[in-house]
Each structure stands twice: as C-alpha cells, then as structure tokens.
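Scroll down for the structure; my scribbles are underneath it.
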Amino acid sequence: MSQQWAQVAKKANSILAWIRNSMVKDELRGKVVWVTGASSGIGEELAYQLSKIGALLAISARREDELERVKKKCLQISNLSEKDILVLRLDLTDRSSHEAATNSVLKHFGKIDVLVNNGGRSQRSLFVDTNLDVYSAIIELNYLGTISLTKHVLNHMIQRKKGKIVTVSSVMGIMGAPLASGYCASKHALQSLENSGDQSHKMPTDRCVRLTLVSTANDLKEAWISDHPYLAVCYLWQYAPTWAWWLMNRMGKRRIQNFKSGVQLMPGQTPAPGSPG
Ligand SMILES: NC(=O)c1ccc[n+]([C@@H]2O[C@H](COP(=O)([O-])OP(=O)(O)OC[C@H]3O[C@@H](n4cnc5c(N)ncnc54)[C@H](OP(=O)(O)O)[C@@H]3O)[C@@H](O)[C@H]2O)c1
C-alpha cells in the first residue's frame, strides 16, 4: 500500500514539475531579459536556462571575454540566433554609465521585459580587520549600483506600463552572519528596498536558478530559496530572533575559529578530518 502511495506521490510531483516548467516557458519565451552579473555563477546559469526557454538576452558584467563565452554556449544549447543575445559590458559601480547601457539594450531589442539584478559580490573578513573602504565598495556595488540601474530600467517599464524587476538577495539579507558584516548590510539594505529571490551556498546553482525562474514567471513578491538548514535558520531569524541569536552565537564562534585557523566552513558543514574546529 505504501509503495502505491509513493508511486502516486511521484507521479503527482512529476505532473506538478511539468506544469511549473510549462508556465515558466510560456511566461518567458520571447521576452527580453537583462541579466547582470552574467559572466559567472548564478547569472551565467540563468543565461543558459533562459536561452533554452527561448528568452532574448542582454547579458552584462565587466569581463566581456567571459560574457562572449557565455553567449557562445547559449547559442550552442538553444535555438537563439546571434542577434538574440546582446553582450553589454557594464560596471555596476560606474553609475554614470547606466543610462547609456539601458539605452543600448532598448536600441537593440526595443523593450526590456525583465531586469534581473544579479551582479554583486560577497565578503569574508573579521569586522575588526575590515577597512572602511571595503564597506563603502560593497554598498556601492550591491546596493547603490543595483538601485541606479533599476531606476533607469524602471523609467522605461513605467512608460510601457509593463515589466518585472527581479533582485537576487541572500539569506544574509534576512539574517546576520559572522565574517560578512558589510555584505549583510548591503543585502539587508536591498531587502528593504525590494522583496527578492534568495540563493544559498548549498543549493546547486541550476536548481536555484530554476526556482528563481518559477518565482519570476509566477510574479511571486518574495521567494525564500534555500536548502535546509539555511532555510530553517532564516525562518528562525525572522520569527524567533532570540533563538536565532543563541544558535548564531554557537555556530558563529566556530566559524570565526575556523576562519582564523584558515579553514573556512559554512554553518552546518562538518570540518574535514584532522582540521581544527
Ligand atoms: N552563490 C551563492 O551561494 C549566493 C548566495 C546568496 C546570494 N548570492 C547572490 O547571487 C548573486 C550572484 O552571485 P554568484 O555567487 O553567482 O557570484 P559570482 O559567481 O562571483 O558572480 C558575480 C557576478 O557579478 C559580477 N560583478 C561583480 N562586480 C561587478 C561590477 N562592479 N559591475 C558589474 N558586475 C559585477 C561578476 O562579473 P564581472 O566580475 O565580470 O564584472 C559576476 O558575473 C550575487 O548578488 C550574490 O550576492 C549568491
């Protein structure tokens, strides 16, 4: 009997997955999607999954050669043609260039349906050792750069009365964590600006991107995308902060010890045999 139920559950899951995937395809096929930070990581994978769906792409970052590599692979794995993918060099910290960049995308495609604010960087250093310039640079990139580009694209979307803006935040936009005080601040600031999708270090990038696309296609205002224990800790942080502080103090102490001794573990990871901490 339990085997029968397992089979029914499996079938139901695959039907749900099929419905979800079809919805994503219907919603995003033929749409113009601008992905920032597309030269590596989540942005790169987003470009691959979007190209397979048939979305038209503007891909941005500072490293043009990496963007050309991503474009080449997109063309190999999809039915898109050369003109369907625009490689656009963009430095998010160079705010004076954002209007011209937005105009370049508009000139090429005539519209922007979705802006994915993905470009950004993290930080791993002790608060006491971190120069103020690091805080300034990370806020400049993750927060101000994102706001600046969003404002330019939003003008176009307001005129068109249509468009979606997706901002990739982090679990660090909800909770605090040792060794990332500047990064946490930048993502908390972003989080207060826009309720956004969230990624975790533990989740495979392709799954994380698929869930981000499902959230985008379904107009979810906020999606918490993460594996456990990160997700559970996030809920705790949000709804039972006293317990979250207790847990973070325990995990954080270990993480700082590991960092100081050169072993950089994420909370929940087990140290390799023989390593300190
Ligand atoms: N991976 C995770 O586990 C995780 C977890 C939570 C949140 N996130 C968020 O997800 C996003 C992508 O992270 P990732 O892990 O995929 O990182 P990644 O592989 O390091 O990619 C970061 C991207 O941002 C671009 N970038 C960096 N500085 C830039 C600048 N000044 N101007 C324009 N583009 C710039 C990089 O391209 P160039 O160097 O070529 O400019 C690169 O394409 C970030 O917002 C990050 O905070 C990631």
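Structure notes:
- Residue that is nearest to Phe259 (Cα to Cα), among those in the range 152-183 that are surrounded by 17 or more Cβ atoms within 10 Å (Cβ to Cβ) and among the β-branched types (Val, Ile, Thr): Val171
- Any hit, the range 209-231, residues being under 18 Å from His98 (Cβ atoms) and open to solvent by 20 Å² or more (accessible area, probe 1.4 Å): no
- If you go through the range 85-111 and keep only what is of a type outside the set (A, V, I, L, M) and assigned to a helix (DSSP H, G or I), you end up with Arg95, Ser96, Ser97, His98, Glu99, Thr102, Asn103, Ser104, Lys107, His108, Phe109.
- Asp65 in a helix (DSSP H, G or I), exposed (fewer than 15 other Cβ atoms within 10 Å of the Cβ), of a type in the set (Asp, Glu) and modelled with pLDDT under 95: no
- The residues on offer are Ser78, Ser60, Ser51, and the sole one that is modelled with pLDDT of 95 or more, hydroxyl-bearing (Ser, Thr, Tyr) and under 21 Å from Ile147 (Cα atoms) is Ser60.
- Identity of the residue in the range 150-209, at pLDDT below 85 and among the polar types (S, T, N, Q), that ends up nearest to the ligand (Cβ to nearest atom): Gln199
- Leading residue by the ranking (surrounded by the most Cβ atoms within 10 Å (Cβ to Cβ)) among those in the range 84-111 that are in contact (Cβ under 8 Å) with a residue 24 or more places away in the chain and charged (D, E, K, R): Asp84
- Failed item in (1) of a type in the set (A, V, I, L, M); (2) away from the ligand (no atom under 14 Å from the Cβ); (3) surrounded by fewer than 24 Cβ atoms within 10 Å (Cβ to Cβ), with Leu50 passing the rest: (3)
- Filter result for Gly37 (touching an Asp or Glu at 6+ places or on another chain (Cβ under 9 Å), within 24 Å of Ile138 (Cα to Cα) and at pLDDT 95 or above): yes
- Screening Leu92 with (1) farther than 30 Å from Gly252 by Cα; (2) out of contact with any helix residue (DSSP H, G or I) (no Cβ under 8 Å at 6 or more places or on another chain); (3) within 12 Å of the ligand (Cβ to nearest atom) gives one miss only, at (2).
- Extreme residue, most open to solvent (accessible area, probe 1.4 Å), among residues of the range 112-151 that are in a helix (DSSP H, G or I) and in contact with a His (Cβ under 7 Å, 6 or more places away or on another chain): Ser148
- Residues that are over 18 Å from the mean Cα position of the chain (by Cα) and part of a loop (DSSP other than H, G, I, E, B), drawn from the range 21-54: Arg29, Gly30, Lys31, Gly54
- Hey, Lys10 surrounded by fewer than 22 Cβ atoms within 10 Å (Cβ to Cβ) and touching a His at 6+ places or on another chain (Cβ under 9 Å) or not: no
The values are calculated or read from the model by the stated rules, or taken from the named source; none is laboratory data. The structure presented is a predicted model; accordingly, all values stated were derived computationally and were not measured. Here the Cβ is made from the backbone with ideal geometry for all residues, glycine too, and neighbour counts use every protein chain on show. Note: accessible area is taken over every heavy atom of the protein model, side chains too, but ligands, DNA and RNA are not part of it. Shrake-Rupley method; radii C 1.70, N 1.55, O 1.52, S 1.80 Å.
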